[in-house]
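**Student:** This is the structure, below, for whatever I ask next.
The values are calculated or read from the model by the stated rules, or taken from the named source; none is laboratory data. If you're wondering where the values come from, they're calculated on a predicted model, not measured in any experiment. Don't worry about glycine lacking a Cβ; one is built from the backbone with ideal geometry, like all the others, and counts go over all protein chains shown. Accessible surface areas use protein heavy atoms only, side chains included; no ligands, DNA or RNA. Shrake-Rupley method; radii C 1.70, N 1.55, O 1.52, S 1.80 Å.
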Amino acid sequence: MKKILTSILKNKFKIILLILLAGGGWYYFNNKQSTTVQTKYVLGKVERGSVIASVSGTGQVSSQNQVDIKPEISAKITELKIKSGQKVKKGEVLARLDAKTLSNQVRSAKDSLNMAKTNLELKLEGVTAQDVAVAQKSVDAAKLSYQNAQANVITQQKTGAENLKKAQRSRDNSVTALNNSYQNTSSPINSSLITMRSAILAANNIMDTSNLAVKNLYGVLNPPSLEEAKSQQAAARAKLASFESLYASLGSSKDADSIERLLNEEQEVSRVIKSYVHSVYSLMLSTITSADLSQTTLDGYRSSIASQENSLVSVVGSLQSASQSIVNAKQDIATADSNLAQTVSDNQKSLDSANTDVASKKLSYETSKVQYEQKVAKPRPIDLANLRLQIAQAQTNYDSAVDDLKSATITAPFDGVVLQVSQSVGDNASPADIIATVATPKKIAEVTLNEVDTAKVKVGQKSTLTFSAIDGLTITGEVAEIDNIGTVTQGVVSYGVKIAFDTQDDRIKPQMSVSASITTDEKVNVLVVPNSAVKTDSSGAYYVEALSGTFPNADSNGVVSATPPEQKSVVIGIANDTNTEIVSGVNEGDQIVTQTSSGSTTQTTQRSSGLNLFGGGGGAVRGVGR
């Protein structure tokens, strides 16, 4: 026991550390914290109010009290109502510019504005029953056209198949005709061979007579005719022998090429034999009679030979007819092949055209259905927002056109005296040209604005002036002149603006520092929201967020919503540092999200430990061994 106590004392620090670690683990597992992230939405309301947009600049009180009068637009001067030394009152017309083009622009902008408003009204009113009926008729007509196009494809397929059958049948008939032509050559070839043999035999019987007395009478009247007949006889014998050899070699079964060869050869042989027979006939005409050769016998020779020659003429004609029949049949086949190919091509073109028409009619049908659905569907918020945006843009264009038209009449910005007139009637004046210089007893502040702010400023706009040297002094003024050429300093472009004081204060001295806030636009009794409520999407369109339901107890700490906020497209107007004008998209009193924040809540869960070194453990387990 003593050894055990001694060991414990020696390792007491290790034992204490082990106890501390075990206690920390017990505390962690018995008091584990779970953290849940919550998104809170700070809400605001769409309210009616005023939005004043302004720009600010600083400068000094001018030591001079004169202002250059410049036009804000470029146009021809049509009237000049001042001269040097003339006194003028504030608002008095100094000059007029040609306003014909500007008037046309105002009318055009007004028409565009009215059209934009009409488009929105029509969208809000929805379509009439007549419009729906017209749209439905368009769908029905497109559907019918589509169905007709589909039916036409089937018709083209049937018609094409019929035309193809006709073309194939025509070719088959031509092939049959060619085969018949080949078969029909047998008779003329055989009969012609018989006729040629008979003709050459008849001629040879005359030429080869064994009676020398008779032979001596041949060609007496024309001796060369005998030699011609002998020459023709030799040629005819040779040709006939050659043809008979060919005929025998081909046998009874002859193909098309053999038949055409026989026809060609036989025509040539028949012509040679015909020439031979004719030469014998000519020889008989040159032969005289005697006791050995009576006139009757000679006339018989002549008649026999003439008959043979006539038979050979018929032979030649029948062979030519057989050959021509084959040629014609081949040409018919070629024509039929061409017609068949053309039919196939025409069928494909007709079918392609019909299929293309189907695709076109289908697209028209689908388009008409979409147009019908769009026409009868309720307007989408994005569509209404777009139409309202078009109205806002058209209104801006109209206001700008009206301002330009007003700018055609140049008036005095204050009471004063004309020091100099720099232009004449008929001159083309631009914003860079000085029409006149007017002096005023009023003090003038010269301030500097950056190029962005300068673009918003116009002559005649009101301004509020404060002076660093005079505490508590605030007076109003009016923009009297704007520089047309800027000054570049370290890459920054700035413009000078002169502001005439509305009231005079003797405490204000030349070169005193002055701060000016120029009101560039003002909207009264319009819908306004905090700037933080307006957001833009990836396309640059504006929207606000709204939660579903109402939250009457909403405060600056925000509210929690089970569903995320919904985006509502809006058209904005002017804005200042705090508020933005809402032209359309929301209504007065609507709750909108002005700020979103993410916080966390902590929940503590008591968990029991399987081991209690101190015997307590929160009461979950009383102790080991009890």
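**Student:** Treating the angle as unsigned and between 0 and 90°, give the value, to the nearest 10°, between the Cα long axis of helix 12-30 and the longest Cα principal axis of the chain.
**Tutor:** Long axis of 12-30 versus the principal axis of the chain: about 70 degrees.
**Student:** While we're here: Averaged per residue, what accessible area in Å² does the chain show with a 1.4 Å probe, protein chains only?
**Tutor:** Values: 36550 Å² over 626 residues.
So the chain comes to 58 Å² accessible per residue, rounded to a whole number.
**Student:** Tell me, what HN-Hα J-couplings in whole Hz come from the Karplus equation 6.51 cos²θ - 1.76 cosθ + 1.60 at θ = phi - 60° for each residue of segment 508-522, using x for Gly and Pro?
**Tutor:** Using θ = phi - 60°, the values come out as 7, 10, x, 6, 5, 6, 9, 10, 10, 10, 9, 7, 8, 7, 8 Hz.
**Student:** Using a 1.4 Å probe on the protein heavy atoms, what percent of the accessible area of segment 348-459 belongs to carbon and sulfur?
**Tutor:** Values: 3130 of 6190 Å².
Result for segment 348-459: 51 percent of the exposed heavy-atom area is carbon or sulfur.
**Student:** Next question. Relative to the longest principal axis of the chain, what angle (0 to 90°, nearest 10) does the C-alpha long axis of helix 129-183 take?
**Tutor:** For helix 129-183, the angle is close to 20 degrees.
**Student:** Moving on to the next point. Taking the structure as given and computing Cα Rg over 2.2 N^0.38 Å, which label from (1) 0.99; (2) 2.36; (3) 1.08 fits?
**Tutor:** (2)
**Student:** Angle check, please: helix 256-285 long axis (alpha carbons) against the longest principal axis of the chain (alpha carbons), in degrees 0 to 90, nearest 10.
**Tutor:** The angle comes out near 40 degrees.
**Student:** Hey, what do the phi angles of segment 355-365 turn into as Karplus ³J(HN,Hα) couplings, whole Hz, using 6.51/-1.76/1.60 and θ = phi - 60°, x for Gly and Pro?
**Tutor:** 5, 4, 5, 4, 4, 5, 5, 5, 4, 5, 5
**Student:** Follow-up question, since we're still on this one. What is the ratio of the Cα radius of gyration of segment 396-531 to 2.2 N^0.38 Å, with N the residue count, to two decimals? Mind dumping the intermediate values first?
**Tutor:** Details: Rg = 16.9 Å, N = 136, 2.2 N^0.38 = 14.2 Å.
Taking the Cα Rg and dividing by 2.2 N^0.38 Å, one obtains 1.19.
**Student:** Place a +1 charge on the Cβ of each Lys and Arg in the chain and a -1 charge on the Cβ of each Asp and Glu, then give the dipole magnitude about the Cα centre in debye, rounded to the nearest 20.
**Tutor:** On the way: 63 positive and 60 negative charges, 711 e Å.
Approximately 3420 debye in magnitude.
**Student:** Below 14 angstrom from the Cβ of S258, what's the summed charge of the other residues (Lys, Arg +1; Asp, Glu -1)? Let's see the in-between values first.
**Tutor:** Details: positive: K254, R261; negative: D255, D257, E260, E265, E266.
Counting the neighbours of S258, the net charge comes to -3.
**Student:** Using modelled backbone amide H atoms (1.01 Å from N, in-plane), which distant-in-sequence or interchain residues come within less than 5 Å of T520's amide H?
**Tutor:** When sequence neighbours closer than 5 places are left aside, the close amide H contacts are A53, S54, V55.
**Student:** So if we plug the beta-carbon distance of S231 and A177 into 1/(1 + (r/R0)^6) with R0 = 51 Å, what FRET efficiency do we get, rounded to 0.05? Provide the component values of the computation, followed by the final result.
**Tutor:** On the way: r = 42 Å, r/R0 = 0.83.
With R0 = 51 Å, the Cβ-Cβ based efficiency is 0.75.
**Student:** A further question follows. Just add up the charged neighbours of G416: K/R +1, D/E -1, any other residue whose Cβ is under 11 Å from the Cβ of G416. Could you put the intermediate results ahead of the total?
**Tutor:** Values: positive: K87, K89, K90, K442; negative: E92, D415.
Overall, the nearby charge balance is +2.
**Student:** By the scheme Lys and Arg +1, Asp and Glu -1, what is the net charge of all other residues having a beta-carbon under 13 Å from that of V313?
**Tutor:** Values: positive: R271, K274; negative: E309.
Neighbour charge sum, excluding V313 itself: +1.
**Student:** Sorted by mean Cβ packing within 10 Å, highest first, what order do the peptides 436-443, 483-490 take? Don't skip to the answer; put the middle values down first.
**Tutor:** Numbers: 436-443: 19.6, 483-490: 11.1.
Top to bottom by mean Cβ count within 10 Å: 436-443, 483-490.
**Student:** Additional query: If you count the DSSP beta bridges with both ends in the chain, what percent of them are antiparallel, to the nearest 5?
**Tutor:** Numbers: 91 of 91 bridges.
About 100 percent, rounded to the nearest 5.
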